[in-house]
Amino acid sequence: QAAAGGGRAAPRACGVHNVCRLLTRRAHGFYARDAGVAHRKNLGLLRKIMCQESTKFKNVWTTHSASPIAYERGRIYMDNYQCCISSIAQEPRILYQKSKCAKSEKIEDALLLECPLGEMLPSPSDYKASLIVLTAQNWLLRLSADSGEVLEKVYLAGSCCKFFRYLSWDTPQEVMIVKSAQNKLPAAARQAGIQKTVLFYLAVFQVLPLSFIGMLEINKKIFGNSVTDVAVSNGILIVMYSMGLVRLYNFKAILEQFMEQPFDLGQEFNWNGQVGVVGKYPFGLPCNIKITDTPPLLFEASSLENAFQIGGYPWHYIITPNKKKHKGVFHICSLKDNALAKNGIQDMKCCSLEPDWIYFHPDMSGRIIHVGPNLIKVLKLKEVKNHADQMEIAEDFTIVANRENCVNNTVTVTASGRVVKKRFTSLDDDPEQETFKIVDYEDELDLLSTVAVTQIGADGRAHLDFHCNEHGILLKSIPLKESWDVTYSHEVYFDKDLVLHIEQKPNRRFSCYVYQMVCDTAKDDD
(Lines give C-alpha, C1' and ligand atoms only; values in the text may rest on other atoms or scores of the structure.)
Protein backbone atom coordinates (compact mmCIF):
# COMPACT_ATOMS: atom_id res chain seq x y z
CA GLN A 1 0.00 0.00 0.00
CA ALA A 2 2.86 2.35 0.82
CA ALA A 3 4.52 1.57 -2.53
CA ALA A 4 1.28 2.22 -4.42
CA GLY A 5 0.99 5.57 -2.71
CA GLY A 6 4.54 6.51 -3.59
CA GLY A 7 5.65 6.27 0.05
CA ARG A 8 8.25 4.11 1.72
CA ALA A 9 7.01 1.31 3.95
CA ALA A 10 8.47 1.29 7.47
CA PRO A 11 10.55 -1.87 8.04
CA ARG A 12 9.51 -4.23 10.82
CA ALA A 13 11.58 -3.44 13.89
CA CYS A 14 14.64 -5.65 14.28
CA GLY A 15 13.06 -8.32 12.08
CA VAL A 16 10.62 -9.34 14.81
CA HIS A 17 8.03 -11.79 13.47
CA ASN A 18 6.59 -13.20 16.72
CA VAL A 19 3.14 -11.70 17.41
CA CYS A 20 3.58 -11.69 21.20
CA ARG A 21 6.92 -9.89 20.94
CA LEU A 22 5.47 -7.36 18.51
CA LEU A 23 2.59 -6.58 20.89
CA THR A 24 4.96 -6.30 23.84
CA ARG A 25 7.26 -3.92 21.95
CA ARG A 26 4.27 -1.86 20.84
CA ALA A 27 3.06 -1.57 24.45
CA HIS A 28 6.53 -0.32 25.40
CA GLY A 29 6.36 2.37 22.69
CA PHE A 30 8.95 1.03 20.24
CA TYR A 31 7.00 2.15 17.17
CA ALA A 32 6.84 5.94 16.97
CA ARG A 33 3.99 5.97 14.43
CA ASP A 34 1.77 3.66 16.44
CA ALA A 35 -1.47 5.09 17.85
CA GLY A 36 -1.27 5.83 21.55
CA VAL A 37 2.55 5.94 21.77
CA ALA A 38 2.61 9.62 22.71
CA HIS A 39 -0.08 9.05 25.33
CA ARG A 40 1.81 6.12 26.85
CA LYS A 41 5.04 8.13 26.92
CA ASN A 42 3.28 11.05 28.61
CA LEU A 43 1.79 8.78 31.27
CA GLY A 44 5.20 7.21 31.84
CA LEU A 45 6.71 10.66 32.33
CA LEU A 46 3.86 11.65 34.68
CA ARG A 47 4.48 8.54 36.78
CA LYS A 48 8.21 9.33 37.06
CA ILE A 49 7.55 12.97 37.96
CA MET A 50 4.88 12.05 40.49
CA CYS A 51 7.12 9.55 42.28
CA GLN A 52 10.04 11.98 42.60
CA GLU A 53 10.95 12.95 46.13
CA SER A 54 10.57 16.67 45.34
CA THR A 55 6.99 16.21 44.10
CA LYS A 56 4.33 17.00 46.69
CA PHE A 57 0.56 16.78 46.80
CA LYS A 58 -0.99 19.96 48.12
CA ASN A 59 -4.48 20.37 49.58
CA VAL A 60 -5.83 23.01 47.17
CA TRP A 61 -9.54 22.91 47.99
CA THR A 62 -11.94 21.78 50.71
CA THR A 63 -15.70 21.92 50.79
CA HIS A 64 -18.54 20.70 53.03
CA SER A 65 -22.10 19.72 52.14
CA ALA A 66 -25.32 18.50 53.70
CA SER A 67 -25.90 16.17 50.70
CA PRO A 68 -23.75 13.36 49.26
CA ILE A 69 -20.70 14.25 47.17
CA ALA A 70 -19.76 12.13 44.14
CA TYR A 71 -16.68 12.05 41.91
CA GLU A 72 -16.41 10.94 38.27
CA ARG A 73 -13.38 11.49 35.99
CA GLY A 74 -12.27 14.94 37.08
CA ARG A 75 -15.75 16.17 38.03
CA ILE A 76 -17.14 16.63 41.54
CA TYR A 77 -20.93 16.45 41.83
CA MET A 78 -22.82 18.06 44.72
CA ASP A 79 -26.40 18.90 45.67
CA ASN A 80 -27.80 15.73 44.07
CA TYR A 81 -25.89 16.34 40.81
CA GLN A 82 -27.27 19.88 40.49
CA CYS A 83 -23.79 21.36 40.94
CA CYS A 84 -20.76 20.15 38.95
CA ILE A 85 -17.22 21.26 39.80
CA SER A 86 -14.15 20.62 37.66
CA SER A 87 -11.21 19.33 39.69
CA ILE A 88 -8.79 19.50 36.73
CA ALA A 89 -8.11 23.25 36.93
CA GLN A 90 -5.39 24.59 39.22
CA GLU A 91 -8.16 25.31 41.68
CA PRO A 92 -11.56 23.58 41.36
CA ARG A 93 -14.13 25.70 39.53
CA ILE A 94 -17.87 25.40 38.95
CA LEU A 95 -18.81 24.00 35.53
CA TYR A 96 -22.53 24.45 36.09
CA GLN A 97 -24.99 25.14 38.90
CA LYS A 98 -28.66 24.27 38.48
CA SER A 99 -31.53 25.54 40.58
CA LYS A 100 -32.67 23.23 43.36
CA CYS A 101 -34.90 20.48 41.98
CA ALA A 102 -38.18 19.23 43.39
CA LYS A 103 -38.17 16.08 45.52
CA SER A 104 -39.90 14.19 42.70
CA GLU A 105 -36.93 15.04 40.41
CA LYS A 106 -34.34 13.67 42.83
CA ILE A 107 -31.58 11.71 41.11
CA GLU A 108 -31.40 8.14 42.39
CA ASP A 109 -28.33 6.92 40.50
CA ALA A 110 -25.89 8.03 37.78
CA LEU A 111 -23.33 6.65 35.33
CA LEU A 112 -20.65 8.53 33.39
CA LEU A 113 -20.82 7.86 29.66
CA GLU A 114 -17.70 8.40 27.56
CA CYS A 115 -17.36 8.40 23.78
CA PRO A 116 -16.22 5.08 22.26
CA LEU A 117 -13.09 5.25 20.13
CA GLY A 118 -13.22 4.79 16.38
CA GLU A 119 -17.00 4.91 15.94
CA MET A 120 -19.20 7.26 13.90
CA LEU A 121 -21.96 8.70 16.10
CA PRO A 122 -25.19 10.41 14.98
CA SER A 123 -24.84 13.63 16.99
CA PRO A 124 -21.85 15.94 17.69
CA SER A 125 -22.81 15.94 21.39
CA ASP A 126 -22.22 12.16 21.47
CA TYR A 127 -18.47 12.71 21.15
CA LYS A 128 -18.34 14.50 24.51
CA ALA A 129 -18.68 12.92 27.95
CA SER A 130 -22.22 12.80 29.31
CA LEU A 131 -23.92 11.72 32.50
CA ILE A 132 -26.83 9.27 32.50
CA VAL A 133 -29.07 9.83 35.52
CA LEU A 134 -32.15 8.10 36.88
CA THR A 135 -34.75 10.23 38.65
CA ALA A 136 -37.21 9.30 41.39
CA GLN A 137 -40.07 9.65 38.89
CA ASN A 138 -38.57 7.03 36.54
CA TRP A 139 -37.06 9.37 33.98
CA LEU A 140 -33.77 8.35 32.39
CA LEU A 141 -31.87 11.50 31.35
CA ARG A 142 -28.63 11.96 29.44
CA LEU A 143 -26.97 15.19 30.52
CA SER A 144 -23.96 17.01 29.13
CA ALA A 145 -21.14 16.41 31.60
CA ASP A 146 -19.86 19.98 31.11
CA SER A 147 -23.07 22.02 31.07
CA GLY A 148 -25.79 19.84 32.61
CA GLU A 149 -27.99 20.36 29.52
CA VAL A 150 -30.53 17.58 28.93
CA LEU A 151 -29.52 15.83 25.70
CA GLU A 152 -32.01 12.93 25.79
CA LYS A 153 -34.84 11.81 28.03
CA VAL A 154 -36.67 8.49 28.26
CA TYR A 155 -39.67 7.70 30.43
CA LEU A 156 -39.22 4.20 31.84
CA ALA A 157 -42.26 3.15 33.84
CA GLY A 158 -45.52 2.34 32.17
CA SER A 159 -48.21 0.36 33.92
CA CYS A 160 -45.81 -2.44 34.92
CA CYS A 161 -43.39 -0.78 37.30
CA LYS A 162 -43.11 2.45 39.27
CA PHE A 163 -39.81 2.16 41.10
CA PHE A 164 -36.65 2.09 38.96
CA ARG A 165 -33.71 2.88 41.23
CA TYR A 166 -30.36 1.46 40.04
CA LEU A 167 -28.02 1.89 37.06
CA SER A 168 -25.19 -0.49 36.19
CA TRP A 169 -23.12 -1.68 33.24
CA ASP A 170 -23.55 -5.05 31.62
CA THR A 171 -20.71 -4.25 29.20
CA PRO A 172 -18.93 -1.03 30.32
CA GLN A 173 -19.72 1.94 28.06
CA GLU A 174 -21.79 -0.28 25.75
CA VAL A 175 -24.79 -1.99 27.40
CA MET A 176 -26.56 -0.50 30.43
CA ILE A 177 -29.01 -2.07 32.89
CA VAL A 178 -31.72 -0.11 34.71
CA LYS A 179 -33.04 -2.11 37.68
CA SER A 180 -36.15 -1.56 39.77
CA ALA A 181 -36.33 -1.74 43.52
CA GLN A 182 -37.60 -5.08 44.82
CA ASN A 183 -41.33 -5.32 44.26
CA LYS A 184 -42.83 -5.82 47.73
CA LEU A 185 -46.46 -5.85 48.69
CA PRO A 186 -47.69 -3.76 51.64
CA ALA A 187 -48.20 -5.71 54.88
CA ALA A 188 -51.98 -5.34 54.65
CA ALA A 189 -52.01 -6.86 51.16
CA ARG A 190 -49.88 -9.78 52.30
CA GLN A 191 -52.20 -10.39 55.26
CA ALA A 192 -55.14 -10.40 52.87
CA GLY A 193 -53.48 -13.24 50.94
CA ILE A 194 -52.64 -11.19 47.86
CA GLN A 195 -49.55 -12.49 46.08
CA LYS A 196 -47.23 -10.76 43.66
CA THR A 197 -44.87 -12.94 41.69
CA VAL A 198 -42.76 -10.27 39.96
CA LEU A 199 -39.72 -9.34 42.08
CA PHE A 200 -37.65 -7.06 39.81
CA TYR A 201 -37.80 -5.38 36.42
CA LEU A 202 -34.69 -4.93 34.26
CA ALA A 203 -34.57 -2.48 31.34
CA VAL A 204 -31.68 -2.98 28.91
CA PHE A 205 -30.19 -0.20 26.76
CA GLN A 206 -27.44 0.11 24.18
CA VAL A 207 -25.66 3.45 24.67
CA LEU A 208 -24.30 5.96 22.15
CA PRO A 209 -26.58 6.16 20.42
CA LEU A 210 -29.03 5.44 23.23
CA SER A 211 -31.36 2.66 22.09
CA PHE A 212 -33.83 0.36 23.84
CA ILE A 213 -33.09 -3.38 23.72
CA GLY A 214 -35.86 -4.66 25.95
CA MET A 215 -37.44 -4.99 29.38
CA LEU A 216 -37.89 -8.21 31.35
CA GLU A 217 -39.23 -9.28 34.72
CA ILE A 218 -37.64 -11.55 37.32
CA ASN A 219 -40.52 -13.76 38.41
CA LYS A 220 -40.85 -16.10 41.39
CA LYS A 221 -42.57 -18.66 39.19
CA ILE A 222 -39.45 -18.97 37.02
CA PHE A 223 -36.55 -18.36 39.41
CA GLY A 224 -38.01 -19.45 42.77
CA ASN A 225 -39.48 -17.87 45.90
CA SER A 226 -36.24 -17.14 47.77
CA VAL A 227 -34.68 -14.70 45.26
CA THR A 228 -33.22 -11.70 47.11
CA ASP A 229 -31.38 -9.81 44.35
CA VAL A 230 -30.30 -9.89 40.72
CA ALA A 231 -27.48 -8.34 38.72
CA VAL A 232 -26.20 -8.43 35.14
CA SER A 233 -22.50 -8.33 34.26
CA ASN A 234 -20.60 -9.21 31.08
CA GLY A 235 -23.52 -11.01 29.50
CA ILE A 236 -24.33 -13.05 32.62
CA LEU A 237 -27.57 -12.85 34.65
CA ILE A 238 -26.67 -13.37 38.32
CA VAL A 239 -29.52 -14.43 40.62
CA MET A 240 -28.97 -14.47 44.39
CA TYR A 241 -31.02 -16.41 46.96
CA SER A 242 -31.64 -16.04 50.69
CA MET A 243 -29.79 -19.25 51.57
CA GLY A 244 -26.52 -18.05 50.00
CA LEU A 245 -27.05 -19.70 46.62
CA VAL A 246 -25.83 -17.88 43.49
CA ARG A 247 -26.98 -18.97 40.02
CA LEU A 248 -25.63 -17.78 36.67
CA TYR A 249 -27.55 -17.67 33.37
CA ASN A 250 -26.64 -16.58 29.84
CA PHE A 251 -28.27 -13.15 29.64
CA LYS A 252 -27.74 -12.68 25.91
CA ALA A 253 -29.39 -16.04 25.22
CA ILE A 254 -32.34 -15.01 27.41
CA LEU A 255 -32.82 -11.81 25.40
CA GLU A 256 -32.72 -13.69 22.10
CA GLN A 257 -34.92 -16.61 23.19
CA PHE A 258 -37.69 -14.75 25.00
CA MET A 259 -37.91 -11.48 23.02
CA GLU A 260 -41.54 -11.18 21.90
CA GLN A 261 -41.14 -8.08 19.75
CA PRO A 262 -38.32 -5.51 19.38
CA PHE A 263 -39.11 -1.80 19.85
CA ASP A 264 -37.23 1.41 19.13
CA LEU A 265 -37.35 4.57 21.23
CA GLY A 266 -39.89 6.98 19.76
CA GLN A 267 -41.76 4.19 17.96
CA GLU A 268 -45.56 4.16 18.12
CA PHE A 269 -46.86 0.88 19.47
CA ASN A 270 -49.98 -1.03 20.30
CA TRP A 271 -49.01 -3.47 23.04
CA ASN A 272 -51.39 -5.55 25.15
CA GLY A 273 -54.20 -3.11 24.49
CA GLN A 274 -52.06 -0.03 25.16
CA VAL A 275 -51.32 2.55 22.48
CA GLY A 276 -48.42 4.92 22.95
CA VAL A 277 -44.88 5.94 22.03
CA VAL A 278 -41.89 3.97 23.35
CA GLY A 279 -40.02 5.97 26.00
CA LYS A 280 -42.58 8.78 26.16
CA TYR A 281 -44.84 9.74 29.06
CA PRO A 282 -47.16 8.21 30.22
CA PHE A 283 -46.58 4.86 28.52
CA GLY A 284 -42.88 4.36 29.12
CA LEU A 285 -41.34 1.09 27.96
CA PRO A 286 -43.12 -2.16 27.08
CA CYS A 287 -42.14 -5.34 28.91
CA ASN A 288 -41.31 -7.14 25.66
CA ILE A 289 -39.14 -9.97 27.03
CA LYS A 290 -41.28 -12.65 28.72
CA ILE A 291 -39.36 -15.51 30.33
CA THR A 292 -41.80 -18.41 30.14
CA ASP A 293 -39.48 -21.22 31.21
CA THR A 294 -36.39 -21.55 33.42
CA PRO A 295 -33.35 -20.72 31.26
CA PRO A 296 -30.46 -23.22 31.05
CA LEU A 297 -28.27 -22.94 34.16
CA LEU A 298 -24.64 -22.08 33.45
CA PHE A 299 -23.29 -22.42 36.97
CA GLU A 300 -24.30 -22.33 40.62
CA ALA A 301 -22.44 -22.03 43.90
CA SER A 302 -23.30 -21.60 47.57
CA SER A 303 -21.44 -18.86 49.41
CA LEU A 304 -21.80 -16.92 52.66
CA GLU A 305 -23.73 -13.68 52.06
CA ASN A 306 -23.87 -14.50 48.30
CA ALA A 307 -20.21 -13.40 47.95
CA PHE A 308 -19.08 -14.73 44.59
CA GLN A 309 -16.41 -13.55 42.13
CA ILE A 310 -15.06 -14.86 38.83
CA GLY A 311 -11.66 -14.04 37.32
CA GLY A 312 -8.13 -15.25 36.70
CA TYR A 313 -6.74 -17.35 33.88
CA PRO A 314 -7.81 -20.06 33.45
CA TRP A 315 -11.17 -19.04 34.94
CA HIS A 316 -11.50 -19.43 38.70
CA TYR A 317 -14.03 -18.27 41.26
CA ILE A 318 -13.81 -17.16 44.90
CA ILE A 319 -16.39 -18.06 47.55
CA THR A 320 -16.68 -18.28 51.33
CA PRO A 321 -18.17 -21.58 52.60
CA ASN A 322 -21.79 -20.95 53.53
CA LYS A 323 -21.44 -21.06 57.33
CA LYS A 324 -20.90 -18.14 59.68
CA LYS A 325 -17.91 -19.82 61.32
CA HIS A 326 -16.12 -19.65 57.95
CA LYS A 327 -16.38 -15.86 57.65
CA GLY A 328 -12.97 -14.59 56.52
CA VAL A 329 -12.07 -17.92 54.86
CA PHE A 330 -11.90 -17.83 51.06
CA HIS A 331 -11.88 -20.80 48.67
CA ILE A 332 -10.40 -20.33 45.19
CA CYS A 333 -11.74 -22.98 42.79
CA SER A 334 -11.61 -23.80 39.09
CA LEU A 335 -14.72 -22.74 37.18
CA LYS A 336 -14.23 -25.68 34.82
CA ASP A 337 -14.57 -28.52 37.35
CA ASN A 338 -15.03 -26.83 40.79
CA ALA A 339 -11.65 -28.23 41.88
CA LEU A 340 -10.05 -26.35 44.76
CA ALA A 341 -6.71 -24.91 43.67
CA LYS A 342 -3.61 -26.03 45.53
CA ASN A 343 -3.16 -23.59 48.46
CA GLY A 344 -6.60 -22.37 47.41
CA ILE A 345 -7.88 -21.82 50.96
CA GLN A 346 -6.89 -18.30 52.00
CA ASP A 347 -7.33 -17.44 55.67
CA MET A 348 -5.51 -14.56 57.35
CA LYS A 349 -6.94 -15.62 60.75
CA CYS A 350 -7.61 -11.98 61.58
CA CYS A 351 -8.89 -10.98 64.98
CA SER A 352 -10.54 -7.72 63.97
CA LEU A 353 -13.80 -5.80 64.02
CA GLU A 354 -13.77 -5.37 60.24
CA PRO A 355 -13.25 -8.49 58.12
CA ASP A 356 -10.50 -8.89 55.55
CA TRP A 357 -11.53 -8.83 51.89
CA ILE A 358 -10.42 -10.43 48.64
CA TYR A 359 -10.96 -9.76 44.94
CA PHE A 360 -9.47 -10.34 41.49
CA HIS A 361 -6.96 -7.65 40.54
CA PRO A 362 -8.62 -5.06 38.25
CA ASP A 363 -5.49 -4.87 36.04
CA MET A 364 -6.69 -8.00 34.15
CA SER A 365 -3.50 -9.85 35.08
CA GLY A 366 -5.52 -12.67 36.65
CA ARG A 367 -3.92 -12.02 40.04
CA ILE A 368 -5.82 -11.83 43.33
CA ILE A 369 -5.60 -9.13 46.03
CA HIS A 370 -6.24 -10.21 49.64
CA VAL A 371 -6.39 -7.33 52.14
CA GLY A 372 -6.14 -7.71 55.91
CA PRO A 373 -5.73 -5.11 58.67
CA ASN A 374 -1.93 -5.09 58.50
CA LEU A 375 -1.11 -7.16 55.42
CA ILE A 376 -1.88 -7.02 51.69
CA LYS A 377 -1.16 -10.17 49.69
CA VAL A 378 -1.04 -10.13 45.91
CA LEU A 379 -1.50 -13.73 44.77
CA LYS A 380 -1.12 -15.37 41.38
CA LEU A 381 -2.39 -18.52 39.70
CA LYS A 382 0.22 -20.84 38.24
CA GLU A 383 0.43 -24.42 37.02
CA VAL A 384 1.46 -27.08 39.50
CA LYS A 385 4.81 -28.51 38.48
CA ASN A 386 4.39 -31.77 36.54
CA HIS A 387 0.58 -31.32 36.69
CA ALA A 388 -0.39 -28.99 33.86
CA ASP A 389 -4.13 -29.50 34.52
CA GLN A 390 -3.91 -28.34 38.15
CA MET A 391 -3.40 -24.78 39.35
CA GLU A 392 -1.94 -23.48 42.59
CA ILE A 393 -2.08 -20.18 44.42
CA ALA A 394 1.33 -18.58 44.97
CA GLU A 395 2.36 -15.32 46.58
CA ASP A 396 3.47 -12.67 44.09
CA PHE A 397 4.35 -10.04 46.71
CA THR A 398 3.13 -8.65 50.04
CA ILE A 399 2.75 -5.15 51.49
CA VAL A 400 3.05 -4.91 55.27
CA ALA A 401 1.76 -2.09 57.50
CA ASN A 402 4.37 -0.13 59.41
CA ARG A 403 3.97 -1.40 62.97
CA GLU A 404 7.64 -1.34 63.98
CA ASN A 405 6.99 0.81 67.03
CA CYS A 406 4.03 -1.22 68.17
CA VAL A 407 4.72 -3.36 71.23
CA ASN A 408 1.86 -5.55 72.38
CA ASN A 409 3.16 -7.20 75.55
CA THR A 410 0.66 -9.13 77.60
CA VAL A 411 2.90 -8.71 80.67
CA THR A 412 4.41 -5.38 81.74
CA VAL A 413 6.43 -4.30 84.78
CA THR A 414 5.74 -0.93 86.46
CA ALA A 415 8.45 1.40 87.79
CA SER A 416 7.87 0.03 91.29
CA GLY A 417 8.49 -3.51 90.05
CA ARG A 418 4.85 -4.64 90.10
CA VAL A 419 3.94 -7.16 87.35
CA VAL A 420 0.75 -6.28 85.43
CA LYS A 421 -0.91 -8.82 83.14
CA LYS A 422 -3.33 -7.76 80.39
CA ARG A 423 -6.64 -9.63 80.32
CA PHE A 424 -7.11 -9.11 76.60
CA THR A 425 -5.10 -9.01 73.38
CA SER A 426 -5.30 -6.03 71.02
CA LEU A 427 -7.29 -6.50 67.85
CA ASP A 428 -5.46 -6.72 64.53
CA ASP A 429 -7.28 -3.55 63.42
CA ASP A 430 -6.74 -1.68 66.69
CA PRO A 431 -7.04 2.02 65.68
CA GLU A 432 -3.80 2.81 67.52
CA GLN A 433 -1.91 0.57 65.09
CA GLU A 434 -1.42 1.36 61.40
CA THR A 435 -4.24 -0.38 59.54
CA PHE A 436 -5.05 -0.67 55.83
CA LYS A 437 -8.45 0.83 55.02
CA ILE A 438 -8.49 1.23 51.22
CA VAL A 439 -6.68 -0.50 48.35
CA ASP A 440 -7.16 0.69 44.75
CA TYR A 441 -5.54 0.50 41.33
CA GLU A 442 -4.72 3.42 39.01
CA ASP A 443 -4.81 1.81 35.58
CA GLU A 444 -3.32 4.66 33.53
CA LEU A 445 -0.21 4.91 35.71
CA ASP A 446 -0.14 1.20 36.64
CA LEU A 447 0.13 1.95 40.35
CA LEU A 448 -1.37 0.16 43.34
CA SER A 449 -2.55 2.68 45.95
CA THR A 450 -3.17 2.01 49.64
CA VAL A 451 -4.58 4.11 52.45
CA ALA A 452 -3.24 3.29 55.91
CA VAL A 453 -4.60 4.92 59.08
CA THR A 454 -3.40 5.31 62.67
CA GLN A 455 -5.72 6.85 65.25
CA ILE A 456 -4.53 7.92 68.69
CA GLY A 457 -7.32 9.36 70.80
CA ALA A 458 -9.61 11.56 68.72
CA ASP A 459 -6.91 12.37 66.17
CA GLY A 460 -6.48 9.97 63.25
CA ARG A 461 -3.73 10.28 60.65
CA ALA A 462 -3.80 8.70 57.21
CA HIS A 463 -1.35 8.44 54.35
CA LEU A 464 -1.82 7.40 50.73
CA ASP A 465 0.97 5.20 49.38
CA PHE A 466 1.79 4.37 45.76
CA HIS A 467 3.30 0.94 45.07
CA CYS A 468 4.72 -0.57 41.91
CA ASN A 469 1.93 -2.78 40.59
CA GLU A 470 4.36 -5.39 39.31
CA HIS A 471 6.54 -5.88 42.38
CA GLY A 472 4.83 -4.01 45.24
CA ILE A 473 7.77 -1.66 45.88
CA LEU A 474 6.82 1.55 47.73
CA LEU A 475 7.35 4.49 45.35
CA LYS A 476 5.65 7.42 47.10
CA SER A 477 3.86 8.27 50.34
CA ILE A 478 1.46 11.22 50.66
CA PRO A 479 0.27 12.33 54.12
CA LEU A 480 -3.36 13.50 54.20
CA LYS A 481 -3.62 16.75 56.16
CA GLU A 482 -7.14 16.29 57.53
CA SER A 483 -7.88 14.17 60.57
CA TRP A 484 -9.26 10.70 59.77
CA ASP A 485 -11.90 9.23 62.07
CA VAL A 486 -12.09 5.46 61.57
CA THR A 487 -15.76 5.44 62.62
CA TYR A 488 -16.75 7.59 59.60
CA SER A 489 -17.26 6.43 56.03
CA HIS A 490 -14.43 7.37 53.64
CA GLU A 491 -13.71 7.25 49.90
CA VAL A 492 -10.33 8.10 48.37
CA TYR A 493 -9.86 8.58 44.61
CA PHE A 494 -6.42 8.64 42.99
CA ASP A 495 -6.76 9.90 39.42
CA LYS A 496 -3.41 10.61 37.72
CA ASP A 497 -2.16 13.87 39.33
CA LEU A 498 -5.22 14.26 41.59
CA VAL A 499 -6.10 12.82 45.00
CA LEU A 500 -9.62 13.34 46.32
CA HIS A 501 -10.92 12.34 49.77
CA ILE A 502 -14.68 12.26 50.48
CA GLU A 503 -15.76 11.81 54.09
CA GLN A 504 -19.24 11.14 55.46
CA LYS A 505 -19.78 12.22 59.05
CA PRO A 506 -22.83 11.54 61.26
CA ASN A 507 -26.09 13.38 60.54
CA ARG A 508 -25.44 13.41 56.78
CA ARG A 509 -22.52 15.80 56.83
CA PHE A 510 -20.11 15.39 53.93
CA SER A 511 -16.64 16.82 53.31
CA CYS A 512 -14.42 16.79 50.23
CA TYR A 513 -10.65 17.40 50.24
CA VAL A 514 -8.84 17.87 46.91
CA TYR A 515 -5.07 17.42 46.55
CA GLN A 516 -3.12 18.25 43.41
CA MET A 517 0.43 17.43 42.38
CA VAL A 518 2.92 20.24 42.91
CA CYS A 519 6.46 20.03 41.53
CA ASP A 520 8.73 22.31 43.54
CA THR A 521 12.30 21.63 44.56
CA ALA A 522 12.17 24.41 47.15
CA LYS A 523 11.21 23.51 50.68
CA ASP A 524 7.57 24.27 51.32
CA ASP A 525 5.65 23.46 54.47
CA ASP A 526 2.55 22.93 52.32
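The values are calculated or read from the model by the stated rules, or taken from the named source; none is laboratory data. Quick caveat, the model's predicted, so the values are computed rather than measured. Virtual Cβ from ideal backbone geometry, glycine too; neighbours counted across all protein chains shown. Quick note on the areas: whole protein, heavy atoms, side chains included, nothing else; ligands and nucleic acids left out. Shrake-Rupley method; radii C 1.70, N 1.55, O 1.52, S 1.80 Å.
Summary of values
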read-out: Cross-chain or 6+ apart pairs with Cβ under 6 Å, the range 471-491 first and farther than 17 Å from Ser54 by Cα, then open to solvent by 60 Å² or more (accessible area, probe 1.4 Å) and modelled with pLDDT under 95; value: Ser483/Asp459
read-out: Strands (runs of 3 or more DSSP E) lying entirely in the range 238-353 (those with 2 or more residues that are β-branched (Val, Ile, Thr) and out of contact with any His (no Cβ under 9 Å at 6 or more places or on another chain)); value: 274-277
read-out: Complete set of residues in the range 211-228 that are open to solvent by 20 Å² or more (accessible area, probe 1.4 Å) and assigned to a helix (DSSP H, G or I); value: Lys220, Lys221, Ile222
read-out: The range 315-341 residues that are among the hydrophobic types (A, V, I, L, M, F, W, C), paired with ones that are part of a helix (DSSP H, G or I) (beta carbon under 8 Å, 6 or more apart); value: Ile319/Leu304
read-out: Checking Gln455 against (1) at pLDDT 90 or above; (2) crowded, with 16+ Cβ neighbours inside 10 Å, the condition it does not meet; value: (1)
read-out: Residues satisfying the stated conditions in the range 179-198, i.e. part of a loop (DSSP other than H, G, I, E, B), open to solvent by 90 Å² or more (accessible area, probe 1.4 Å) and either more than 30 Å from Ile132 (Cα to Cα) or modelled with pLDDT under 70 (or both); value: Ile194, Gln195, Lys196
read-out: Meets criteria (in a loop (DSSP other than H, G, I, E, B) and surrounded by 15 or more Cβ atoms within 10 Å (Cβ to Cβ)) for Leu208; value: yes
read-out: The lone exception for Asp356 - which of (1) surrounded by fewer than 17 Cβ atoms within 10 Å (Cβ to Cβ); (2) under 30 Å from Glu444 (Cα atoms); (3) without any contact (Cβ under 8 Å) to a residue 40 or more places away in the chain it fails; value: (1)
read-out: Odd one out for Phe299 among (1) closer than 30 Å to Phe330 by Cα; (2) in contact with a helix residue (DSSP H, G or I) (Cβ under 8 Å, 6 or more places away or on another chain); value: (2)
read-out: Wholly within the range 47-116, strands (runs of 3 or more DSSP E) carrying at least 2 residues that are over 25 Å from Ile132 (Cβ atoms) and open to solvent by 30 Å² or more (accessible area, probe 1.4 Å); value: 55-65
read-out: Strands (runs of 3 or more DSSP E) contained in the range 430-515 and holding at least 1 residues in contact with a Ser or Thr (Cβ under 9 Å, 6 or more places away or on another chain) and closer than 18 Å to Leu353 by Cβ; value: 435-442, 447-456, 459-468
read-out: Yes/no for Val407 being touching a Lys or Arg at 6+ places or on another chain (Cβ under 8 Å), open to solvent by 50 Å² or more (accessible area, probe 1.4 Å), hydrophobic (A, V, I, L, M, F, W, C) and at pLDDT below 95; value: no
read-out: Neighbours by Cβ (under 9 Å, 6+ apart or cross-chain): first from the range 245-272, at positive phi; second open to solvent by less than 60 Å² (accessible area, probe 1.4 Å); value: Gly266/Val277; Gly266/Val278; Gly266/Gly279; Asn272/Pro286; Asn272/Cys287
read-out: Top-ranked residue in the range 229-288 [being among the aliphatic types (A, V, I, L, M) and open to solvent by 50 Å² or more (accessible area, probe 1.4 Å); ranked as nearest to Tyr201 (Cα to Cα)]; value: Met259
